[in-house]
Amino acid sequence: MGKRERRRKREQAKRKNQAQQRPNTPQPIVLEYPEEAPRIRVVIKHDAPEDAQKVSTLYWEIKNDGSWARTVSSIGVSSNVGAVATAHSHAVLLSCPCANCSEPISVANRSWANKVGGKYLDTEAPTYLCWDCTTVQKRQETERQQRIAAEKRAEQEREKQKAEEVKRLIAEAIEDEEGKSEAISCLPEDNAPALALYVALVSYAARNPGKPLPSITNIGSMGWTGDTGQDRELLLALYYANLLAISQETPVQAFSLSKDGDDITFVAKDVAWRLIGSLPIAQERVGEITYGFQTAPGPRGSEARKAVAALTEQTEVTNVAAYINGLLTKKYSYPEVPEARREELTDVIRKGFNHGYTPGQMICFAWRAADSAAAWKERNARMGPPEAASASVTSLNGKIDKAIELHHAIPEYEAPRWHATPLALSSLRRLHADIQWVHSREVIEACTLCDHHGLKDTVHPETGAGAVWRCTHPVEIPTQQQEEVEPNWWDDAPEPADT
């Protein structure tokens, strides 16, 4: 006797015992096909009409091989037969156990029976579940979805609370920054570039009263000094020296929670700043800074002046290099100078400034170099835009060398409106010129208030003792006549291909 036969007899005995125990309970009509080795058990409702019982019996009957004994259309109208059979009966596939509990799977119609058990209703269905397991699975899935929804709501609530906490901390931080109004007692004299930038910031604030100092992000790629990374370090140095405070116009995106979650940090490049103290006080401080750069004695003063000169030169060089790249990309639709030649470009521009050419003359050199490189490309059809961009460096070097050799007079050009000049450049130029004025040999020799070293006798403000201090030459000094040079009516510098 096989396993299925024993199970069938147990189920029959169980149904018989249940019938004996509950004789008054209506029992459904149960049929099994085929009779010798059943593959399907048909369960017809006890209260089904005789016509419905007959239709259901004909609908579910199968042959010995497991295929359907008759087609639906042979029983009657297809839609009516299917509706009557499914409304009053269902079938259990005895050869198709549930993938979860191994109990036979119940099906509601013949198409679903073939999907689960195959054409002959004897294929095991490892992916299908019985009704009870399906109900449990659906309940578990519903519970899982509810749990996920609850966790999502909890996460949203935590994010909301976190956002409110960040908003509160930002408001407190801005309030603290707005409370900074005390003037500092001493300047950070060990950071000359930061003080030079502070001079430029005060100049900007004077030109734009009532407006905050813009963030590095809003200024653009040139920033304050042409190097946004350097700008960030200098601005932070001024902030920690209590010369700058964060402006209330700073966007919320510039702030974030600290790692420990109990304080606020800020992104320096996204912060808008303001001067601490009133503008007149800041301008007085600028006067002290400028005077300190001009007159500070000893190695410390010399190093500070060199640092200002280096910062100014760096900003000038970066400005001219950016102008050349702008010409190449905006006017000629070429790429920028190749990365491999940018260091050489910087050295060539620095050479021009070291030979005394003014910023306006260097703009002229840059314009001519880019124009010559474009003309050279047009004469050489096999050369492309990248070669022309690279050739602009060679052309610039050749034109500067030619002008130095022949003492050509170079006109001064103004940079066009589309060129973004570093915001601090003009202030750095004035500061550097004021420092050079005090230490210029020609000015010292023309000054009647100091000796040939540029020093004058004075009284120490604290001790009252006599002292020697650097003279700032407050009297008007006649400017020296510039050396006449040969005018250059045309640009005869060699082209890149010939250099």
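Can you tell me the orientation of helix 342-354 relative to the chain, as the angle in degrees between its alpha-carbon axis and the longest Cα principal axis, to the nearest 10? Long axis of 342-354 versus the principal axis of the chain: about 20 degrees.
Among the listed pairs Lys45/Lys119; Lys167/Lys269; Lys152/Lys211; Lys306/Lys402, give every one whose C-alpha distance is greater than 32 Å. Write out the running numbers ahead of the final one.
On the way: Lys45/Lys119 26 Å; Lys167/Lys269 20 Å; Lys152/Lys211 43 Å; Lys306/Lys402 29 Å.
Result: Lys152/Lys211 exceed 32 Å.
With unit charges on the beta carbons (Lys and Arg positive, Asp and Glu negative) and the dipole taken about the Cα centre of the chain, which residue among Ile75, Ala366, Gln253 sits farthest to the positive side? Working it through, the farthest residue towards the positive pole turns out to be Ile75.
When the accessible area of the chain is split by element with a 1.4 Å probe, what percent falls to carbon and sulfur?
On the way: 14390 of 28700 Å².
For the chain, the apolar C and S fraction of the accessible surface comes to 50 percent.
Farthest towards the positive end of the charge dipole of the chain, among the residues Gly287, Trp418, Ala48, is the Cα of Ala48, using unit charges on the Cβ of Lys, Arg, Asp and Glu.
A simple charge model with +1 on the Cβ of Lys and Arg, -1 on the Cβ of Asp and Glu and nothing else charged puts the dipole of the range 129-223 at about 600 debye relative to its Cα centre.
Only aspartates and glutamates eight or more places from Lys63 in sequence, or on another chain, were considered; those with a Cα closer than 20 Å are Glu5, Glu32, Glu35, Glu36, Asp122, Glu124. What's the center-to-center distance, using Cα atoms, between the range 372-435 and the range 209-255 in Å? Result: 30 Å between the Cα centres. Computed with a 1.4 Å probe over protein heavy atoms only, the accessible surface of the chain comes to 58 Å² per residue. Of the residues Leu201, Ala125, Pro338, the one whose Cα sits farthest towards the positive end of the charge dipole of the chain is Ala125 (charges of +1 on Lys and Arg Cβ, -1 on Asp and Glu Cβ, taken about the Cα centre). Distance from the alpha carbon centroid of the range 141-172 to that of the range 287-344 works out to 50 angstrom. Please give the helix 3-21 orientation as an angle from the longest Cα principal axis of the chain, in degrees from 0 to 90, rounded to the nearest 10. Relative to the chain, helix 3-21 is tipped by roughly 70 degrees. To the nearest 10 degrees, how steeply does helix 298-326 sit against the main Cα axis of the chain, on a 0 to 90 scale? Tilt relative to the chain: about 60 degrees.
The values are calculated or read from the model by the stated rules, or taken from the named source; none is laboratory data. Just so we're clear, the structure is a prediction, and the values are computed from it rather than from any experiment. Glycine also receives a Cβ, built like all others from the backbone with ideal geometry; neighbour counts cover every protein chain displayed. Surface accessibility is based on the protein's heavy atoms, side chains included, excluding ligands, DNA and RNA. Shrake-Rupley method; radii C 1.70, N 1.55, O 1.52, S 1.80 Å.
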